[in-house]
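Have a look at the structure below, then the notes.
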Amino acid sequence: MVYTIEILMDKIKSSDKSYDIEKIMSAYELADEAHRGVLRSSGDPYISHPVAVAYILLDKFCMDTDTICAALLHDVVEDTDIGLDVIKKKFGEDVANLVDGVTKIGQVPLNTREEQQAENIRKILIAMSKDIRVIIIKLADRLHNMRTLESRPPEKQRKTSLETMNFYAPIAHRLGISDVKEEMEDIALRYLDPYGFKEIEAQLDVHKDERDTFIDKIKSMIRERVNDIQPPPIIEGRVKSVYSIYKKVYVKGKDFSEIYDIYAVRVILQTVVECYNVLGIIHDMFRPIPYRFKDYIAMPKANRYQSLHTTVIGREGIPFEVQIRTQEMHNTAQYGIAAHWKYKAGISGNVAGEKRFDWIRQILEQQQEADDVELISEAIKVDLAPDDVYVFTPKGDVITLPSGSNIIDFAYAIHTAVGNKMIGAKVGGKMVSFDHELHTGEIVEILTSGGSGAGPKRNWIELARTNEAKAKIRGWFKRECRDENIEQGKQALERELKRNGIMVDNDILLETARRQRLQTVDDLYAAIGYGGVQLTKIITRLKDEQIRLQRQAAAQQQTIDIEKTISDTNKKAQRAGVILDGIDDCAVKYAQCCNPLPGDDIMGFITRGYGVSIHKADCQNVILGMQGENKERWIKAHWAVSASTSFRATIDVIAEDRTNLLVEVSQAISANHIPIHDVSAHCLKNGNANIVVTVEVSGIEQLKNLIARISKVPGVITAERTGKQ
Ligand code: MN
C-alpha cells in the first residue's frame, strides 16, 4: 500500500481528536518538496515513507499534531539540504526537537554481537529520546521500513532485521507496545530464518480452516456463558505470533504439538471484578492445566502489562490460552505508554521533555494513579550510571566515560596509539575541538595521522578529564622528547623557584630527584617537563626544605657561638693553669672578692651555670662557704706547675702628691717589662695622691717584686695589691 497525503488526511478528518490540519499540510509540503524526485527501492516516491510513518502514529497511537508533523519531516534533516533551523522557524521548537531526536538516534550504529552491549545500546537509545515521542516515531519509522523490506537487497534485509530483533523490538517490548513488537519480530524472523519461519507458517496453515472453526467455536461458547454481563464483553480469538511459536519450537526445543499457546482467546471487560468472575466461568467450562494460571492483575509485569492468563483444554483435547483483562489493561497491553495518546482524552502531548520522561509522570499524576507512576517509571527506567556518558565509535562500540569527558579522553580510551596520533575529531560527522564535551549517544570519529610527526600537545594533559588519558599523554612525552622535557621542566622549575624566592643548589635538586626515585637532576627536569612530577608539590617541598635549612643554620651558628664561649673560657683556664680535682674541661673564672693569683692557695666553687669560680683558700667566702649548706660544691684546685700565662693584678698606691709621681711609678713598672693594663690617679682629701694601676704579671713572685719596687719610689706611703682586678 502506497500512503498518500489524501489517505492521511482522511484518517485525520475521521479522528475524534482535533488536529491542526494546516500545520500538518505545511509539514507535508515541506517534506514533499525536500524529498522530491527521490524514490524508495520499491519504486514509490520517497514521501510515501514519511506519510506512512505519520499514518501509523495516527492510526495506532492517535499521536498529537506535533508528532505527526515531526513524522512527516523525520528524514528531511538527515537526507536533504533543509536544516533544523528551518523546521524550528516554521513548526516550532517542539517539532524541531522531535526531528532532531529521531535523526540522532537514527545515527547510532547498531551492530553488536554481545547481548550486554546490546542492552546498553537499547538503554542509550531510550536515554537519548529525552521526549519519549521520539522513540515512538522511531518505532513507527522502523515498522514501516520492516513492512517494505521486501524490495531491499538481501544483505540490507538481514541487517535491518537483525537490528530490529536486537534493538527495536526489545525497546517496543520495554515500553509495553506489544502490538508493534510482535509485528516487528514476525517480519524480522521471515528474513533472519526464512526456513524456520516458513516451517511454522506452514504448520499453522495446514489446518487453517479447522483452526478458524475451532477459535470461532470457543468464542461463541464463552459468549453464551457471559451474555448477562453488560455492556457485552469483547471476545477475540487468534493464533499467536509466529515468532512466539518459533521461540518455543526452536529455542526451547518443544515439539509443535506440545505447544499449548498457539491459540489465544481474549475476553475484554469493564471491571476487575468481572475479570475474576469470568475466570471462574472459564475454569468451570474447560479443564485448566495446572500451573498455567498467572495473575498479572494483582502482580503486573514490569512494562505495566496486566491480565489474567490461564491455559485450558477444550472438549476436543486442544489446549488454548485465555487472557482476561479490562479495556484499559488491554489498551496498555497493546500500546504501552503510547496508549496515553490513544485513549486518554485532552492530552495535547505538547510537553517538550525538559527532563527525561517527566511528562509521563505529569500525565500520570494528573490521572492520580499513584501506582501507575511507580510502574511506568520502573518499566522504562534507564539504569545507565548517571555520572557516565555513553558514546559510540563509528563501528558502534560503546565507550563509557565519566561525565564531562571530552575528545581527548575518548581517543585514549580507544587506544593509546589513537590518542597519540590524533589530529582532529568529528562528532556526528562534524569537526569539533579537542575539548568538546561528550554527550550520551554521540558518535565520535577520531582522525589520526599516519606519520609519527604529530603526537599529543602538552596542554592535552590539562584538557583531559580522565586520569587514564592524562597518564598516557605523560607517558608519550616521557618517551618521545627527553631533551625538550628537560628544557621545559628546567624553565618551569626555575620560574617557580624565582617566584617563590627559593634558592637551591644542585645537591638539593639531586636530593629532590632521588626522593622521586629519579637518578639525576636532568631526570627531574624531564619528569617536570612531561608532567610526571607535579611542580607545585616539588616547590612546596623545596620551600619547606629551605625553611628547615635556614633554621638548622641558625641553630648551628648558635651552637658554634656557645662552643666558642666555652672554649675561650677553657683557654683562660688553661692559661691560668688551674687544675680542678675531678672536673675536666670546665669554664673557670676568678672570684672578684679575693682575686687569686698563681701561687695563692685556691679553692673552686661549682657555680650554677657559670663553671667554677676560683677563690683564694683564705678568702672569707671560702671559710664561710665551707661551713654552709653548699659545702660539697667546694672543690680543691691547684695552679698548674707549668703555668706561664699572665694575670692581671691591681695595685693600690698612696703617695705624697708631687710632680712626676705618676711618671715615676709608671717607670718603675715598665722597667720590669710589665705591661700596664689600666691606670688611674686622683687626689685624696688629705692631700695625698692615690694611684690605682692594673698590670699583667706572670705570677705572685713577680707581683711581690713589683710592689717592692713601687714602694721604693720617693714619696710612696703604701703600695698594696687590692682585691679588685
Ligand atoms: Mn525513515
Checklist entry - Can Asp79 be described as among the charged types (D, E, K, R), touching a residue at least 12 places away in the same chain (Cβ under 8 Å) and within 14 Å of the ligand (Cβ to nearest atom)? => result yes
Checklist entry - So which residues in segment 89-117 are open to solvent by 100 Å² or more (accessible area, probe 1.4 Å) and within 15 Å of the ligand (Cβ to nearest atom)? => result Lys104
Checklist entry - Using beta carbons and a limit of 9 Å, which pairs, at least six apart or on different chains, have the first residue in segment 140-159 and β-branched (Val, Ile, Thr) and the second one surrounded by fewer than 20 Cβ atoms within 10 Å (Cβ to Cβ)? => result Thr148/Arg40; Thr148/Ser41; Thr148/Ser42; Thr148/Asp44
Checklist entry - Taking segment 473-512 as the region of interest, how many residues are part of a loop (DSSP other than H, G, I, E, B) and over 29 Å from Asp409 (Cβ atoms)? => result 5
Checklist entry - On the given criteria, is Met9 away from the ligand (no atom under 16 Å from the Cβ) and either aromatic (Phe, Trp, Tyr) or outside any strand (DSSP E or B) (or both)? => result yes
Item to check | Unique residue being open to solvent by less than 40 Å² (accessible area, probe 1.4 Å) and more than 19 Å from Gln592 (Cβ to Cβ) when the list is Ala637, Ala668 | outcome: Ala668
Checklist outcome for this item: Of the residues in segment 389-402, those that are over 15 Å from Ala469 (Cβ atoms) and among the hydroxyl-bearing types (Ser, Thr, Tyr) come to Tyr390, Thr393
Next on the checklist: Would you confirm, using the coordinates I've provided, whether Asp10 is without any contact (Cβ under 8 Å) to a residue 24 or more places away in the chain and acidic (Asp, Glu)?
Outcome noted: yes
Checklist entry - What number of residues within segment 17-59 satisfy the criterion of being open to solvent by 30 Å² or more (accessible area, probe 1.4 Å), within 16 Å of the ligand (Cβ to nearest atom) and either closer than 14 Å to His144 by Cα or not in a helix (DSSP H, G or I) (or both)? => result 9
Checklist entry - Which residues, counting only those in segment 251-277, are under 15 Å from Phe320 (Cβ atoms) and surrounded by 16 or more Cβ atoms within 10 Å (Cβ to Cβ)? => result Ile259, Tyr260, Asp261, Ile262, Tyr263, Ala264, Val265, Arg266, Val267
Item to check | strands (runs of 3 or more DSSP E) contained entirely in segment 398-452, each with at least 3 residues that are in contact (Cβ under 8 Å) with a residue 60 or more places away in the chain and in the same structural domain as Ile473 (by TED's automatic domain parsing) | outcome: 398-402
Next on the checklist: Looking at segment 148-162 only, could you name the residues that are within 12 Å of the ligand (Cβ to nearest atom) and either open to solvent by 60 Å² or more (accessible area, probe 1.4 Å) or under 43 Å from the mean Cα position of the chain (by Cα) (or both)?
Outcome noted: Thr160
Item to check | Those residues of segment 248-283 which are at pLDDT below 90 and not hydrophobic (A, V, I, L, M, F, W, C), in sequence order | outcome: Lys248, Tyr250, Lys252, Gly253, Lys254, Asp255, Ser257, Glu258, Tyr260, Asp261, Tyr263
Checklist entry - Residues of segment 222-243 being crowded, with 16+ Cβ neighbours inside 10 Å and part of a helix (DSSP H, G or I), which ones? => result Ile222, Val242, Tyr243
Checklist entry - How many of the residues making up segment 60-74 are in a loop (DSSP other than H, G, I, E, B), within 15 Å of the ligand (Cβ to nearest atom) and over 38 Å from the mean Cα position of the chain (by Cα)? => result 1
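Conditions (1) assigned by TED's automatic domain parsing to the domain that holds Gly429; (2) farther than 26 Å from Thr164 by Cβ; (3) not aliphatic (A, V, I, L, M), marked per residue:
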{"site": "Glu33", "(1), (2), (3)": "no, yes, yes"}
{"site": "Arg40", "(1), (2), (3)": "no, no, yes"}
{"site": "Tyr55", "(1), (2), (3)": "no, no, yes"}
{"site": "Val77", "(1), (2), (3)": "no, no, no"}
{"site": "Asp85", "(1), (2), (3)": "no, yes, yes"}
{"site": "Asn111", "(1), (2), (3)": "no, no, yes"}
Next on the checklist: So Tyr291 ticks every box in (1) part of a strand (DSSP E or B); (2) surrounded by fewer than 14 Cβ atoms within 10 Å (Cβ to Cβ) but one. Which box is left unticked?
Outcome noted: (1)
Item to check | Residues being touching an Asp or Glu at 6+ places or on another chain (Cβ under 9 Å) and among the aliphatic types (A, V, I, L, M) - total across segment 30-50 | outcome: 4
Item to check | Any pair with Cβ under 7 angstrom, 6 or more apart, that starts in segment 295-313 at a residue that is among the basic types (Lys, Arg) and ends at one that is in a loop (DSSP other than H, G, I, E, B) | outcome: Arg304/Gly176
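The values are calculated or read from the model by the stated rules, or taken from the named source; none is laboratory data. Note that the structure is a prediction, hence the values are computed from the model and not measured. When we count neighbours, we look across all protein chains shown, and the Cβ atoms used for this are built from the backbone with ideal geometry, even at glycine. For accessibility, only protein heavy atoms count, side chains too; no ligands or nucleic acids. Shrake-Rupley method; radii C 1.70, N 1.55, O 1.52, S 1.80 Å.
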